[in-house]
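In what follows, a single structure is set out as structure tokens and then discussed.
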Amino acid sequence: MMKKQQKLEECRYVHKTAELLGFSWNIAKQQEAPDFIITENNSTFGLEVTEIFTGNITKSGGAKLKGNEHYRQEQLNKIRTTFEAKESVKLHLRLLRSSANQQTGNITRTEICDILRALIAEKITQKEIGFSNTIELKHGGKIQITNEYKSRWYVVNDRAGFVLQHPEYQIQSAINKKNEKFQQYQDNAGDDIRLLIVANRTSNSGKIRLSDHSSLTVDYKNFKVVYFLSHPEEATALQFK
């Protein structure tokens, strides 16, 4: 399931990059090493996709911060499932955790109970679409809820934070790592191999942008073009050969 989700995310990143740069990219094939075969007009190239993060990189290549964010989202999804099994309501729910609760990392059992009690006490099923309220939780933090046609639950703390403006180290590290497989990319997709580096700014782990890419001093290794996507707002072609 994780692999499928990752591929869907990578597809979104490819489409968003093409949209922002005004390119007519078509995904001809999804594969591994490189991730995609892209066609544009009469040309074809291989495109490898990788993410960079603000946190410490783990041995598996992900970011500890992103992993924690993902786990908290899974916790919140389970709370949503429990609530929706009892109440036939779709909510846009924003959980703002208190500083004390944030220190525990994962959403605690106490927070889970607080959220469910607060939602049930609110009697949402009796409210009209568009109803909105902010509810203080008993043991700290609060939830902002809006009665909608579609469920959207997330942790506000995981989406608002400092944006790294000069990610030279993260970009170079990503290029170095992917360049180790460059020969494999060429064997599978030909000579035109490109790299798309992504920072997903919708979460704290990916809050990275390039304030001035013209001053970036990076060794692009063997890649014909390196693109940088600060998702979902900015895309830049960093290197052409």
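Observations
- Evaluated against (1) farther than 24 Å from Arg209 by Cβ; (2) of a type outside the set (Lys, Arg); (3) at pLDDT below 95, Gly46 falls short on exactly one condition, (3).
- Residue in segment 119-134 that is part of a helix (DSSP H, G or I), touching a Lys or Arg at 6+ places or on another chain (Cβ under 7 Å) and of a type in the set (Asp, Glu) present: no
- Hits in segment 49-78 (condition: modelled with pLDDT of 85 or more, surrounded by 14 or more Cβ atoms within 10 Å (Cβ to Cβ) and outside any strand (DSSP E or B)): Ile52, Phe53, Asn68, Glu69, His70, Arg72, Gln73, Gln75, Leu76
- Candidates are the residues of segment 128-165 that are basic (Lys, Arg) and either surrounded by 17 or more Cβ atoms within 10 Å (Cβ to Cβ) or at pLDDT 90 or above (or both); the one that is farthest from Leu238 (Cα to Cα) is Lys138.
Every residue, every condition in (1) in the same structural domain as Arg201 (by the TED database); (2) β-branched (Val, Ile, Thr); (3) farther than 24 Å from Asp158 by Cβ; (4) out of contact with any strand residue (DSSP E or B) (no Cβ under 9 Å at 6 or more places or on another chain), yes or no:
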{"position": "Asn26", "(1), (2), (3), (4)": "yes, no, yes, no"}
{"position": "Gln31", "(1), (2), (3), (4)": "yes, no, yes, no"}
{"position": "Ile37", "(1), (2), (3), (4)": "yes, yes, yes, no"}
{"position": "Glu40", "(1), (2), (3), (4)": "yes, no, yes, no"}
{"position": "Thr44", "(1), (2), (3), (4)": "yes, yes, yes, no"}
{"position": "His70", "(1), (2), (3), (4)": "no, no, no, yes"}
{"position": "Gln103", "(1), (2), (3), (4)": "no, no, no, yes"}
{"position": "Thr108", "(1), (2), (3), (4)": "no, yes, no, yes"}
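- The residues of segment 166-176 that are open to solvent by less than 60 Å² (accessible area, probe 1.4 Å) and part of a loop (DSSP other than H, G, I, E, B) amount to a single one, Pro167.
- Restricting attention to segment 189-241, the residues that are more than 15 Å from Ala174 (Cα to Cα) and touching a Pro at 6+ places or on another chain (Cβ under 6 Å) total 1.
- Every condition in (1) in a helix (DSSP H, G or I); (2) open to solvent by 80 Å² or more (accessible area, probe 1.4 Å) holds for Ser88 except the one numbered (1).
- Conditions (1) open to solvent by 20 Å² or more (accessible area, probe 1.4 Å); (2) at pLDDT 90 or above; number of the one not met by Ile107: (1)
- Selection of segment 1-38 for residues being assigned to a strand (DSSP E or B) and open to solvent by 40 Å² or more (accessible area, probe 1.4 Å) yields Asn26, Ile27, Ala28, Lys29, Gln30.
- The number of residues in segment 193-215 being assigned to a loop (DSSP other than H, G, I, E, B) and surrounded by 17 or more Cβ atoms within 10 Å (Cβ to Cβ) comes to 5.
- Residue list for segment 217-235, filter: open to solvent by 30 Å² or more (accessible area, probe 1.4 Å) and over 26 Å from Tyr71 (Cα atoms): Thr217, Asp219, Lys221, Asn222, Lys224, Glu234
- When each of Tyr154, Tyr169 is tested for being under 24 Å from the mean Cα position of the chain (by Cα) and free of Cβ contacts under 8 Å to residues at least 40 places away in the same chain, the lone residue that passes is Tyr169.
The values are calculated or read from the model by the stated rules, or taken from the named source; none is laboratory data. Nothing here was measured: the structure is a model prediction, and the numbers come from that model. Cβ sites come from the backbone with ideal geometry, for glycine too, and all protein chains shown count toward neighbours. Keep in mind that these areas ignore ligands, DNA and RNA; they rest on the heavy atoms of the full protein, side chains included. Shrake-Rupley method; radii C 1.70, N 1.55, O 1.52, S 1.80 Å.
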